[in-house]
Amino acid sequence: MSKNNDELFKNVISHAKEYGFVFQSSEIYDGLSAVYDYGQNGAELKNNIKTYWWKAMVQLHENIVGIDSAIFMHPRIWKASGHVDGFNDPMIDNKDSKKRYRADQLLEDRINKYERDRKTDKAVKLQLEMDKALKAEDLGRLRDLIIEHEIACPVSGTRNWTDVRQFNLMFSTQFGAMSEDSEEVYLRPETAQGIFVNFLNVQKTGRMKIPFGIAQIGKAFRNEVIARQFIMRMREFEQMEMQFFVRPGTEMEWYNYWKEARLKWHLALGTSAEKYRYHDHAKLAHYANAAVDIEFEFPFGFKEVEGIHSRTDFDLSQHQQFSGKKMQYFDPEINQNYIPYVIETSIGLDRMFLLTLMNAYEEQDLSEGDTQDSRVVLKLHPCLAPVKAAILPLTKKDGLPEKAREIMDRLKLDHPIVYEEKDSIGKRYRRQDAIGTPFCITVDHQSLEDNTITIRHRDSMKQERVAINQLDRIIGDLVSWKNLLK
Ligand code: GAP
């Protein structure tokens, strides 16, 4: 990460804390690593991102429905899905610092360093060797590569490494109050399996015809070996996933459809297309016959935000085998029973949240002549902004607060609105800019005479005088989901 990018990222993290978006979990106890809480503005922003996804996926598709399955699931589900045996990361410890690392990430950091130093041949060679070792699950070879490339522990500076071991990422806990009959269950590492095991329930009760989708938003848990980059890699996070069930043989057509549709969803927020790219998976998971990541350019490089995976009939077939229950669909159009193929779209809500903050954050120098001025503004899409408008009486007297409260009481029935009367109007504008409020509505003495107020627009900082009875329409138009979903 260059110094500028590093600084920008640090500034966004402090801004997120200072303005009630994201807090370290259990902060007064010195925090819990890679676990975060969302504050008053963060919770609103997160809910708005969820709403945008849910409307685009469920509300606008007649053949997609949403569910909310439990986090605890029967432990055999994770055996069937392959997570008990295969959901591992290769880890290595440094014997001097006692710090633990992901072996593949140490190697990836070295590849990035070779690229930065323009040692492209070395970077390409190491990438190929690492991919080969990962594919063959050759842990000895991964360790050899770390030694051969003289990778040292960033903390101790030594190369005194343990062997590489596989580390299962699932959290487990005991289910049931009595120790003798309690059972080990897992906290789900993805929401997708809750959809697969409900495939027939939804298909039958909703009389769904293939192709159709089931969507879900919910928590997932992974005991990441190392967690870094703020809310990029967390141990408790949220996913927004959709499994689209299709007739075998048509999966590539739907894979391409969803690949395009999902990027369009991202771009509708107004982000520059250059900040996004597709990254096709060279090494496919055992269940996939095609997979692509949608990557966003964060200050620390292009990173995955969403995955689109063609998962074949792997999951449903496994559940059929492990549960002994048929997972078939009767297709009346071709008069045949089959296990459907699945295209999955899976986006991390927290990564989308970070992307949205990064994209919106702007430090502006507003100095003119000898007058120094600056502001930090979050240029959030109005649909995503935590607060839609702030009502600001110019002074705390002369009946202005009462008039402002009248407006507030009407608007708050439709929108999240705040009322602020403390500090100068300029300071109040800055506070609203910093949380991304698209409108500031100022109530002044003229308002008492002619029922007009001034609206100050966040991005242009321009002000206009409008009649109070126009406010519902003006705010309603700007924050309407139609702007994003058309
Ligand atoms: N059901 C497929 C699945 O879970 P994945 O690529 O492992 O696929 C999907 O995860 C998305 O979930 C990722 O693109 C990422 O946005 C998010 N994600 C995965 N692990 C995460 C973590 N530890 N912290 C935050 N987000 C994570």
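None of the figures in this text is laboratory data; all of them are computed from the coordinates on show. All figures in this text were calculated on a predicted structure; none of them were measured in a lab. Virtual Cβ from ideal backbone geometry, glycine too; neighbours counted across all protein chains shown.
Could you list the GluC sites (Glu not before Pro) in the stretch 315-373 that lie in coil according to DSSP, counting only those with at most 12 other Cβ atoms within 10 Å of their Cβ?
Those satisfying the criteria are GLU333.
Using the eigenvalues of the Cα gyration tensor, what equivalent ellipsoid semi-axes result for the stretch 16-78 when each is taken as the square root of five times the eigenvalue, whole Å, largest first?
30, 21, 6
If you take every residue apart from ASP409 with its C-beta less than 13 Å away from the C-beta of ASP409, what net charge results, scoring Lys and Arg +1 and Asp and Glu -1?
That sum, taken over residues with Cβ under 13 Å, equals 0.
For all pairs of alpha-carbon atoms in the stretch 183-286, what percent lies in each bin of width 5 Å, listed from the first bin to the last filled one?
Binned Cα distances yield the sequence 2, 9, 13, 16, 22, 18, 12, 6, 2, 0.
Taking only DSSP H segments of four or more residues, each worth -39500 (n - 2.57), what value at 222 nm results for the chain once the sum is divided by all its residues, to the nearest 500 deg cm²/dmol?
Result for the chain, helices only: -10500 deg cm²/dmol.
Compute from the Cα atoms of the stretch 307-430 the Rg and the Dmax, the latter being the longest Cα-Cα distance, and quote both in angstrom.
Reported Rg and Dmax, both Å: 27.1, 80.
What's the center-to-center distance, using Cα atoms, between the stretch 18-39 and the stretch 262-279 in Å?
Result: 29 Å between the Cα centres.
Could you tell me how many cubic angstrom of Cα convex hull volume the stretch 366-446 has per residue?
Dividing the Cα hull volume of the stretch 366-446 by its residues yields 102 Å³.
List the trypsin sites (Lys or Arg not before Pro) within the stretch 200-271 that fall in a DSSP loop (any state other than H, G, I, E or B) and whose Cβ has at most 11 other Cβ atoms within 10 Å.
ARG207, ARG228
Which value in nm describes the separation of the simple spin-label points at ASN335 and GLU236, placed 7 Å from the Cα toward the beta carbon?
Between ASN335 and GLU236, the simple spin-label model gives 5.5 nm.
Using the 2.2 N^0.38 Å rule of thumb for compact globular proteins, work out how the stretch 270-327 stacks up: its C-alpha Rg over that value, please.
The stretch 270-327 yields a ratio of 1.57.
For the chain, compute the orientation-averaged projected area of the C-alpha convex hull (one quarter of its surface), in nm².
30.0 nm²
Around LYS422, what is the net charge, scoring Lys/Arg as +1 and Asp/Glu as -1 over all other residues with Cβ under 14 Å from its Cβ?
+3
I need the calculated FRET efficiency for the pair ASP450 and ASP398, taking r as the beta carbon distance and R₀ as 25 Å, to the nearest 0.05.
After rounding to 0.05, the efficiency reads 0.95.
Only Lys, Arg, Asp and Glu count, each charged at its Cβ (+1, +1, -1, -1), so figure out the dipole size of the stretch 172-288 about its Cα centre, rounded to 20 debye.
Using Cβ point charges on Lys, Arg, Asp and Glu, the stretch 172-288 gives about 580 debye.
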